[in-house]
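Here is the structure we will look at, set down as structure tokens.
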Amino acid sequence: MKILDSFQRLGQNSERLFAHTGASSLFLLRILAGIPSLCGHMRLLLQQMYSVGVQTLTIISVSGLAVGMVLGLQMYNILVDISAENTLGHVVALSLVRELGPVLTGLLFAGRAGSALTAEIGLMKATDQLAGMEMMAVDPVKRVIVPRFVAGVISMPLLAAIFSAVGILGSYLVGVDLLGVDEGAFWSRMQAHVDLYGDVLNGVIKSLVFGILVAWIAVYEGYHAEATTEGVSQATTRTVVHSAFAILGMDFILTGLMFGD
Amino acid sequence: MHDTRNREIAVGIFVAIGLAALLMLSLQVSNISNFTGGEGYTLSARFDNIGGLKVKSPVRIGGVRIGRITDISYDEKIYEAVVTMRIQQQQNRIPDDTIANIYTAGLLGEQYIGLEPGGSETFLTNGDEFSETTSAIVLERLIGEAIFSKKNDP
């Protein structure tokens, strides 16, 4: 009977997995269907852009600067050994624009904005605000979820671009001003090897995909959180953890597709 | 009301900074100022050995980039590599006896195609092929030859 028990557990888990996938996909469809209704309510979107985008700006720019400076310092130490320190700009720009910018911004965004979204929506549910809206014939998905989702999707590529740009400036500060890499070589090597479509645009697409993933997971977990204090806290944790896994997994796939050759 | 206005201004600044960052990435960091494709014409060349040449490697005359390699394929009938490159439209005065060489930028740098213009009065046009090419220098073969010639010295 032990064997049957473990089979039952496996069945239970896969059933739950399928149910989650189905429910979240249906939820995404509901959100997408609700986007046109946003047109008349730009103020709602603006409000969410403020809490999702503007308030994440500080941590993104500080982290970007730190990552860029550390990257510049460490890469310089390695490159100077093979007297290739002129390629510093090239190395830093490619790794930031292609990988570190979108991925780190996505992780920070999930921690700073995604968790806040889940907690907010979860608490709205726990305090019956969502149910109250339904009573007043206001669709909570259109009123609460859609603006938050769209704000997340718009903010993420902007934040990732800021992260990469600040990071490159940080490595410029350390590499050129502090360690004495030639300024002309730093920028010209970078420009010669970073491709607008192949690298910059693919980085933007990556961050857009991560933005959709994080915003989707955050609003889904919030909307489907158990309506208790513990349920909300668990949902918040799940948002951060699932977002991190989704970003890292998706990054692997996207990198394979974009920079595979 | 005042609060809303401040918030709107903050969002506006955020979006402006984001767009500025995107603009900086595309203008200052990437090669938008260089030739990226689009207008131009196509030339091809056959090499015995292309060494480390890659798609998107530059094509240069006198060190100035005038185009990029768009495709590298292999002709299995004559065992040669066929390199296709796209040249900027305004560089339309490449003589048809130009030699296409594969050079290396620096000792460890990337490889590129360097064109040595000939003296002909007819110019290459879209789809033409270079009549004369020299292959990439393979360092191992060079070293091998040097050692071999040392051995044969009396």
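Between B:Ile147 and B:Asn49, what FRET efficiency follows from the Cβ-Cβ distance if R0 is 25 Å, with the result rounded to 0.05?
Efficiency at R0 = 25 Å is approximately 0.80.
Round to a whole number: what % of the accessible area of the stretch A:198-261 belongs to carbon and sulfur, probe 1.4 Å?
70
I'd like to compare A:161-168, A:84-91: which one has the highest average count of other Cβ atoms within 10 Å, and what's the full order after that?
Put in order of decreasing packing, that is A:161-168, A:84-91.
Tell me, what % of the accessible area of the stretch A:83-173 is carbon and sulfur with a 1.4 angstrom probe?
That share works out to 65 percent.
In Å², what does the accessible area per residue of the stretch B:41-143 work out to with a 1.4 Å probe?
Per residue, the stretch B:41-143 has an accessible area of 57 Å².
If you find the alpha carbon centre of the stretch B:41-69 and of the stretch B:78-127, how far apart are they in angstrom?
Cα centroid of the stretch B:41-69 versus Cα centroid of the stretch B:78-127: 6 Å apart.
With a probe of 1.4 Å, find how much accessible area the stretch A:44-258 has per residue, and write the answer as a whole number in Å².
The answer is 41 Å² per residue.
Figure the gain on full extension for A:Leu4 and A:Met136 (residue separation times 0.36 nm, minus the Cα-Cα span) and round it to one decimal in nm.
Contour length minus the Cα-Cα distance gives 42.6 nm.
When we measure straight from the Cα of A:Lys142, which aspartates and glutamates land under 14 angstrom away, once same-chain ones fewer than 8 places off are left out?
Qualifying aspartates and glutamates at Cα under 14 Å: A:Glu134.
Using only the Cα atoms of the protein assembly as shown, what semi-axes does the equivalent ellipsoid have when each is the square root of 5 times a gyration tensor eigenvalue? Give whole Å, largest first.
Taking √(5λ) for each Cα gyration eigenvalue gives 53, 25, 22 Å.
Near B:Thr70, within a Cβ-to-Cβ distance under 10 Å, what is the net charge of the other residues, with Lys and Arg +1 and Asp and Glu -1?
Net local charge, B:Thr70 excluded: +2.
Would you calculate the separation in nanometres between label points at A:Ala19 and B:Asp71, each defined as 7 Å from the Cα along the Cα-to-beta-carbon direction?
5.4
Only Cα pairs under 8 Å and at least 6 apart count here; give the relative contact order of the stretch A:44-258 as a rounded whole percent.
The normalised contact order for the stretch A:44-258 reaches 37 percent.
Among A:Val153, A:Gly132, A:Ala119, which residue has its Cα positioned farthest towards the positive end of the charge dipole of the stretch A:109-215, with +1 placed on the Cβ of Lys and Arg, -1 on the Cβ of Asp and Glu, and the dipole taken about the Cα centre?
A:Gly132
For B:Tyr103, what accessible surface area do you get with a 1.4 Å probe? Give it in Å², rounded to 10.
Rounded to the nearest 10, that gives 90 Å².
Quantify how strongly other chains surround peptide A:63-74 by giving the mean number of their Cβ atoms within 10 Å of each of its Cβ atoms.
Mean shielding count: 0.
Counting pairs of alpha carbon atoms under 8 Å apart in space and at least six apart in sequence, what relative contact order in percent does chain B give?
It rounds to 24 percent for chain B.
For the stretch A:3-116, what relative contact order do you get, as a whole percent, if you take Cα pairs closer than 8 Å and at least 6 residues apart?
26
Using only protein heavy atoms and a 1.4 Å probe, report how much of A:Ser37 is accessible, in Å² to the nearest 10.
My reading of the accessible area for A:Ser37 is about 40 Å².
In straight Cα distance, which lysines are under 24 Å from B:Lys56, not counting same-chain residues fewer than 8 positions off?
Excluding near neighbours in sequence, the set is A:Lys206.
Just to be sure I understand: if I project the alpha-carbon convex hull of the stretch B:1-152 onto a plane and average over all orientations, what area do I get in nm²?
Average projection, Cα convex hull of the stretch B:1-152: 14.9 nm².
In units of 2.2 N^0.38 Å, what is the alpha-carbon radius of gyration of the stretch A:44-258?
In units of the 2.2 N^0.38 Å rule of thumb, it is 1.18.
Which trypsin sites (Lys or Arg not before Pro) from the stretch B:86-142 combine a DSSP loop assignment with at most 14 other Cβ atoms within 10 Å?
B:Arg93
Counting only protein heavy atoms and a 1.4 Å probe, tell me what percentage of the stretch B:11-154's accessible area is made up of carbon and sulfur.
On the stretch B:11-154, the fraction of accessible area on carbon and sulfur atoms equals 56 percent.
What total accessible area, in Å², is buried where chains A and B meet, using a 1.4 Å probe and rounding to the nearest 100?
2500
Can you quote the Å³ per residue value for the convex hull of the Cα atoms in the stretch B:80-153, rounded to an integer?
Considering the Cα atoms of the stretch B:80-153, their hull volume per residue is 142 Å³.
With +1 assigned to the C-beta of every Lys and Arg and -1 to the C-beta of every Asp and Glu, and no other charges, what is the dipole magnitude of chain A about the Cα centre in debye, to the nearest 20?
Computed charge dipole of chain A: roughly 780 debye.
The values are calculated or read from the model by the stated rules, or taken from the named source; none is laboratory data. Please read all numbers here as calculations on a predicted model, not as lab measurements. A quick note on method: Cβ atoms are made from the backbone with ideal geometry, for glycine too, and the neighbour counts reach across all protein chains shown. Keep in mind that these areas ignore ligands, DNA and RNA; they rest on the heavy atoms of the full protein, side chains included. Shrake-Rupley method; radii C 1.70, N 1.55, O 1.52, S 1.80 Å.
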